[in-house]
1. List every residue pair whose Cβ atoms sit under 9 Å apart, with the two residues 6 or more apart in sequence or on different chains, where the first one lies in the stretch 113-126 and is open to solvent by 100 Å² or more (accessible area, probe 1.4 Å) and the second, anywhere, is among the basic types (Lys, Arg).
2. Take TYR13 and tell me if it is at pLDDT 90 or above and open to solvent by 80 Å² or more (accessible area, probe 1.4 Å).
3. If I ask for residues that are at pLDDT 90 or above and of a type in the set (D, E, K, R), which ones from the stretch 38-69 would you list?
4. Let me confirm something: among LEU95, LEU106, LEU46, which residue is surrounded by 10 or more Cβ atoms within 10 Å (Cβ to Cβ), within 30 Å of TYR13 (Cα to Cα) and not β-branched (Val, Ile, Thr)?
5. In this structure, does LEU56 turn out to be open to solvent by 100 Å² or more (accessible area, probe 1.4 Å) and not aromatic (Phe, Trp, Tyr)?
6. Check whether at least one residue in the stretch 27-34 is open to solvent by 60 Å² or more (accessible area, probe 1.4 Å) and either in contact with a Phe, Trp or Tyr (Cβ under 8 Å, 6 or more places away or on another chain) or small (Gly, Ala, Ser) (or both), and report yes or no.
Amino acid sequence: MESQTEVTQSPRYDSLLLAAAVLLLVGALGSFYYFAGDVNVLVRVLGLLVGTGVALALAYRTELGRSVWGYIVGARTELRKVVWPSRQESVQATLMIAVVVLITALLLWGLDSLLLWGVKLLTGRG
């Protein structure tokens, strides 16, 4: 049996790839706005998309890029497991929250009025 060994890149190589990806992304974005009056919008958007794609491909080749991609895939998997509430459940929960907020507001208003009455009684002002 052969043991699989993963060749790890040096942190310096990763840093260079990330810097190249950032520079490429900034360059694509800058050229999109720089050529605003001269070049057709479709060509500029395609250039921006190609630049972004190449920058993402470069970033993916780093250890950080692979870990971020793994996080995104894991989050997507967890999102599929979520059981979303129905419309009726959402409306009921919203109404319950509104009722609790209204009751709390009335209780705080009553407490404030009681305290104001007590301060007026003690100080004689009001």
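1. Close Cβ pairs satisfying both conditions: GLY126/LYS120.
2. Considered against the rule, which asks whether it is at pLDDT 90 or above and open to solvent by 80 Å² or more (accessible area, probe 1.4 Å), TYR13 comes out as no.
3. ARG44, ARG61, GLU63, ARG66
4. Working: LEU95 fails: within 30 Å of TYR13 (Cα to Cα); LEU106 fails: within 30 Å of TYR13 (Cα to Cα).
None of the other options fit; the residue is LEU46.
5. Values: open to solvent by 100 Å² or more (accessible area, probe 1.4 Å): yes; not aromatic (Phe, Trp, Tyr): yes.
Criteria met by LEU56.
6. Going through the stretch 27-34, the residues open to solvent by 60 Å² or more (accessible area, probe 1.4 Å) turn out to be 29, 33-34.
Then keep just the ones that are either in contact with a Phe, Trp or Tyr (Cβ under 8 Å, 6 or more places away or on another chain) or small (Gly, Ala, Ser) (or both); that gives none.
No.
The values are calculated or read from the model by the stated rules, or taken from the named source; none is laboratory data. Only a predicted model underlies this, so the values are computations on that prediction, with no experimental measurement involved. Counting neighbours? That spans all protein chains shown, and the Cβs are built from the backbone with ideal geometry, glycine included. Heads up: the accessible areas ignore ligands, DNA and RNA and are worked out on the full protein's heavy atoms, side chains in. Shrake-Rupley method; radii C 1.70, N 1.55, O 1.52, S 1.80 Å.
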